[in-house]
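Enquirer: Right, I'll just put the structure down here and ask away after.
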Amino acid sequence: LLNFFGFEALLNNPGVIPARLENFERWKTGYVHAYRKAHRAYHEKLRELDAALDALKPKARALVRMNSIVELGPPLPSTAGVAADLAAVERRLYVCPDAGEPTVDGADPTCPKCNWTPAVQPPDVAVQKLSGLVAVGLADRFQRFKDAAIAAILKKAADQGDRPELQQLLDIVQVANADALAGVLTDDLVAFLRKLLYDENLVQEEIPLAP
């Protein structure tokens, strides 16, 4: 198309200018339709990914809380940045207010609201990767909760009845119910668990002065 409007070609044969302008106007109409269709499809995919991410967010935030309980042991290195990864994916799921009918005109014929071009693809791979990291991270933390020594400490505290949500947490851990975890694992419970495990891990020793 650009070759049709090459200066040398038009200078040598100016009679073709009207026909080529007419062809260009027809092409431009087709471009606008194609761009709007692709723009609409892109943002429909973003809405699908946003719905999937909404279902993942409670698990991701529960994992962040679980990872903060360092008394269980360090989190998996690959899951240490889950909160940042979640925020980064959320930023990429911005849906254009003119998703259906963007205004396409001018020398830079892209949507003026979001400047989308076909080079920008939906972050479905990033969402899938984040989902996998959350699943692996929660499985690791559930397994650490099931450790015999830690399970005994938590069971002893739950039997005292001061924290009814602790028994709920133990039941969730036993069946590895990640969906129910977010509703029980509050910041307050995390602080309680950290103090409980910290206190239980304290060891008092008497060491002779000479050594």
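Enquirer: Considering the stretch 33-51 alone, what residues qualify as being surrounded by 15 or more Cβ atoms within 10 Å (Cβ to Cβ) and of a type outside the set (Lys, Arg)?
Expert: 35, 39, 42, 43, 46, 49, 50
Enquirer: Since residue 59 meets every condition but one in (1) within 30 Å of residue 189 (Cβ to Cβ); (2) loosely packed, with under 11 Cβ neighbours inside 10 Å; (3) basic (Lys, Arg), which condition does it not meet?
Expert: (2)
Conditions (1) of a type in the set (D, E, K, R); (2) open to solvent by 40 Å² or more (accessible area, probe 1.4 Å); (3) in contact with a helix residue (DSSP H, G or I) (Cβ under 7 Å, 6 or more places away or on another chain); (4) assigned to a loop (DSSP other than H, G, I, E, B), marked per residue:
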| residue | (1), (2), (3), (4) |
| --- | --- |
| 161 | no, yes, no, yes |
| 168 | no, yes, yes, no |
| 174 | no, yes, no, no |
| 181 | no, no, yes, no |
| 188 | yes, yes, no, no |
| 195 | yes, yes, no, no |
| 200 | yes, yes, yes, no |
| 207 | no, yes, no, yes |
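Enquirer: Looking at the structure I just gave you, is residue 26 in contact (Cβ under 8 Å) with a residue 12 or more places away in the chain, assigned to a helix (DSSP H, G or I), farther than 19 Å from residue 100 by Cα and of a type in the set (Lys, Arg)?
Expert: No, not satisfied.
Enquirer: To continue, here is another question. Restricting the search to the stretch 122-152, which residues are touching a residue at least 24 places away in the same chain (Cβ under 8 Å) and more than 19 Å from residue 75 (Cβ to Cβ)?
Expert: Correct list: 122, 123, 124, 126, 127.
Enquirer: Another one. Within the set of pairs 6+ apart or on separate chains, which have a first residue in the stretch 154-182 that is in contact (Cβ under 8 Å) with a residue 24 or more places away in the chain and closer than 20 Å to residue 135 by Cβ, a second that is among the charged types (D, E, K, R) and in a helix (DSSP H, G or I), and C-beta atoms under 6 Å apart?
Expert: 178/59
Enquirer: I'd like the full set of residues that are modelled with pLDDT of 90 or more and of a type in the set (Val, Ile, Thr), limited to the stretch 135-152.
Expert: 136
Enquirer: If you don't mind, there's one more thing I want to ask. Output the qualifying pairs, or none if there are none: Cβ atoms under 8 angstrom, residues six or more apart or on different chains, first residue in the stretch 45-74 and assigned to a helix (DSSP H, G or I), second residue modelled with pLDDT under 95 and among the aromatic types (Phe, Trp, Tyr).
Expert: Listed by first residue and then by second, the contacts come to 46/94; 71/198; 72/145.
Enquirer: Anything in the stretch 97-134 that is of a type in the set (Gly, Ala, Ser), open to solvent by less than 90 Å² (accessible area, probe 1.4 Å) and either modelled with pLDDT under 85 or not in a loop (DSSP other than H, G, I, E, B) (or both)? List them, or say none.
Expert: Answer for the stretch 97-134, where residues must be of a type in the set (Gly, Ala, Ser), open to solvent by less than 90 Å² (accessible area, probe 1.4 Å) and either modelled with pLDDT under 85 or not in a loop (DSSP other than H, G, I, E, B) (or both): 100, 106, 126, 131, 132.
Enquirer: Got at least one residue in the stretch 67-76 being modelled with pLDDT under 90 and of a type in the set (Ser, Thr, Tyr)?
Expert: No, the stretch 67-76 has no match at all.
Enquirer: Test of understanding: among 86, 93, 10, which residue is open to solvent by less than 50 Å² (accessible area, probe 1.4 Å), aliphatic (A, V, I, L, M), in a helix (DSSP H, G or I) and touching a residue at least 40 places away in the same chain (Cβ under 8 Å)?
Expert: None of the others qualify; the one that does is 86.
The values are calculated or read from the model by the stated rules, or taken from the named source; none is laboratory data. Quantities reported herein were computed from a predicted structural model and do not represent experimental measurements. Every residue, glycine as well, gets a Cβ built from its backbone with ideal geometry; the counts of neighbours run over all protein chains shown. Ligands, DNA and RNA are stripped out before the accessible areas are found, and what is left, the full protein with its side chains, is counted by its heavy atoms. Shrake-Rupley method; radii C 1.70, N 1.55, O 1.52, S 1.80 Å.
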